[in-house]
Amino acid sequence: MNNSTPEFASQPHKPITSHLLELRSRLLWVMSAMVLGTAICFVFVDEIYGFLVQPLADSMNENDTNRLIYTGLTEAFFTYLKVAFFAGIFLTFPVLLMQIWIFVAPGLYSNERKVLLPFLVATPLLFFAGGACVYYLVLPMAWPFFLSFQNAGGGNMALPIQLEARVSEYLSLIMTMIFAFGLCFQLPVLLTLLGRVGFVSAAFLASKRKYAVIITFIIAACLTPPDIISQVMLAVPILALYEISIILIKLTAPKNDANTKSK
């Protein structure tokens with residue numbers, strides 16, 4: 001018989017109002033960090049804007065427009081605010097995870113904290129990896145494809161076709177893709193956690209691999225621009241992360257089996 005007691009058992013039981021007050025405090029910390037991050041990013045919004053449009057600028061040549069336009073008086077201003085807010089959330093994402101950890105950690109067993117902490121550390125790293133995958137791999141391959149539909153006119157073309165991209169639409173597309181890739185890269189965290197609690201197993205995921213391929217390409221088609229390059233560039237990393245999740249669940253399965261037999 002195990003005489004050990006959980007660490008939180010010796011602590012006094014807090015009323016629900018105390019937990020709600022602490023939750024409000026954590027949310028205020030997160031919101032304050034995001035507001036501060038947004039304010040700081042707005043100071044450097046020109047540099048952030050330049051960073052986000054650089055893949056498109058690199059894909060253009062001297063015959064292209066080499067510019068982004070806006071069609072409303074307030075469009076550029078609110079686009080800058082949106083970019084600063086996006087960058088602020090992106091940079092303060094670890095603060096959100098830290099506050100979640102501070103809130104839930106006192107109610108966990110010591111062994112549960114050891115299990116959960118690596119996943120908490122891996123979450124922002126995978127999120128940033130997803131954003132980097134968009135910026136350094138997907139965009140340099142996707143933008144030349146879309147720019148190739150421009151035409152200088154002549155021959156059967158009565159009028160030329162040339163890109164006049166709106167700055168708000170371009171930056172909204174970039175930010176949506178970065179967040180989408182960042183969230184999709186959380187797949188190993190989600191599946192491995194489900195494996196730890198016994199909802200899924202490595203054998204189950206391996207048997208459903210063909211369905212995972214189909215679902216992955218459907219998700220990739222919904223989250224990326226309508227070209228095969230972007231879809232494949234998202235689907236391939238997701239499938240690789242799916243296989244990594246199977247390996248991670250296999251590595252943790254013996255411990256779970258041992259615990260089950262001991263009960």
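Below, the figures for the structure above:
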| read-out | value |
| --- | --- |
| Test set (1) touching a Lys or Arg at 6+ places or on another chain (Cβ under 7 Å); (2) surrounded by 15 or more Cβ atoms within 10 Å (Cβ to Cβ) - residue 41 fails condition number | (1) |
| Region 46-67, residues that are surrounded by fewer than 18 Cβ atoms within 10 Å (Cβ to Cβ), free of Cβ contacts under 8 Å to residues at least 40 places away in the same chain and hydrophobic (A, V, I, L, M, F, W, C) | 51, 57 |
| Any hit, region 88-106, residues being touching a helix residue (DSSP H, G or I) at 6+ places or on another chain (Cβ under 7 Å), loosely packed, with under 15 Cβ neighbours inside 10 Å and either in contact (Cβ under 8 Å) with a residue 40 or more places away in the chain or β-branched (Val, Ile, Thr) (or both) | yes |
| Single residue of region 107-145 satisfying the filter (modelled with pLDDT of 80 or more and either assigned to a strand (DSSP E or B) or over 24 Å from the mean Cα position of the chain (by Cα) (or both)) that is surrounded by the fewest Cβ atoms within 10 Å (Cβ to Cβ) | 145 |
| Residue pairs meeting the criteria (Cβ under 9 Å; at least 6 apart or on separate chains; first in contact (Cβ under 8 Å) with a residue 24 or more places away in the chain, in region 214-227; second among the polar types (S, T, N, Q) and part of a helix (DSSP H, G or I)) | 223/176; 223/230; 223/231; 224/230; 224/231; 225/231 |
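The values are calculated or read from the model by the stated rules, or taken from the named source; none is laboratory data. Worth saying up front: this structure is predicted, and the values here are computed from it rather than measured. Backbone-built Cβ (ideal geometry, glycine too); neighbour counts: all protein chains shown.
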